[in-house]
1. Please work out which one of (1) over 12 Å from I187 (Cβ atoms); (2) touching a Gly at 6+ places or on another chain (Cβ under 9 Å); (3) outside any loop (DSSP other than H, G, I, E, B) is the condition V87 fails and give its number.
2. Regarding region 15-38, can at least one residue be identified that is under 27 Å from N137 (Cα atoms) and aliphatic (A, V, I, L, M)?
3. Anything in region 143-176 that is outside any strand (DSSP E or B) and touching a Phe, Trp or Tyr at 6+ places or on another chain (Cβ under 6 Å)? List them, or say none.
4. For residues that are free of Cβ contacts under 8 Å to residues at least 40 places away in the same chain and hydrophobic (A, V, I, L, M, F, W, C), scanning just region 1-51, find the one that is nearest to P95 (Cα to Cα).
5. Could you list, in sequence order, all residues of region 153-188 that are surrounded by 22 or more Cβ atoms within 10 Å (Cβ to Cβ) and over 15 Å from the mean Cα position of the chain (by Cα)?
6. Which of the following residues is over 23 Å from V13 (Cβ atoms), modelled with pLDDT of 95 or more and of a type outside the set (A, V, I, L, M, F, W, C): K148, K139?
7. If you check G53 against the conditions, is it closer than 23 Å to I160 by Cβ and touching a strand residue (DSSP E or B) at 6+ places or on another chain (Cβ under 9 Å)?
8. Please pick out the residue among G79, G72 that is at pLDDT below 95 and either assigned to a strand (DSSP E or B) or in contact with a helix residue (DSSP H, G or I) (Cβ under 6 Å, 6 or more places away or on another chain) (or both).
Amino acid sequence: MAKTKQPQFGSPVQLFNGNNLNGWKFHLPDGVDPATVWSAKDGVMRCNGRPAGYIYTAKEYTDFELTLQWRGNSKTGPGNSGVLLRVQKPHKVWPRSIEAQLQSGNAGDFWNIDKFPMEVDATRTNGRHTAKLLPSNEKPLGEWNEYKILVHDDLVTLTINGELQNTATWCARWPGPIALQSEGAVIEFRNIVLRPIIED
């Protein structure tokens, strides 16, 4: 069952250095140049949204707190993406994982991809989708939002702009990369920081 005591964190790890995509790998259709989908400049990671696929950390992680900022594009309109947690092989669209949703207006929702073992609130769940606890608290399109994601033993919590929006328990404790989706819309990321949880 989920741990109740506060986790102990190690030193923060900058997953994105702000200048290039070192430390990341790509899953995209054969023949697609990753540079046409993902880019880095002036501290911002940009995804053009097409074709469908994802960028993922070269390293695997099991227990951690992940914080990142994201924003959609006010010119191209509302869009879609997500943070994939404990990603499992084989790499495909989409891999077995827990998705922390980033679709405009729905950040804080869960999607269970490929029957990832986890338990969620049945009253907010329809199939693979678990709606967030509270109304959307995202900022206007084009402004930066903050995601804080805790993945600790069998517990996963999603906090958007300081408000707890979702909780899952009995999540399989499988190590895996962290991925960001390219899912049809322009989206940008910055300040992607992971704090590993030290074993008890």
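1. Looking at each condition in turn, V87 falls short on (3).
2. Yes.
3. Taking region 143-176 as the starting set, the residues that turn out to be outside any strand (DSSP E or B) are 143-144, 153-154, 161-162, 170-175.
Result: D154, single match.
4. F26
5. C171
6. Result: K139 is the single residue among K148, K139 that is over 23 Å from V13 (Cβ atoms), modelled with pLDDT of 95 or more and of a type outside the set (A, V, I, L, M, F, W, C).
7. Judged against the criteria, G53 is not a match.
8. Checking each option against the conditions leaves just G72.
The values are calculated or read from the model by the stated rules, or taken from the named source; none is laboratory data. Since the structure is predicted, the reported quantities are computational estimates derived from the model, not experimental observations. A quick note on method: Cβ atoms are made from the backbone with ideal geometry, for glycine too, and the neighbour counts reach across all protein chains shown.
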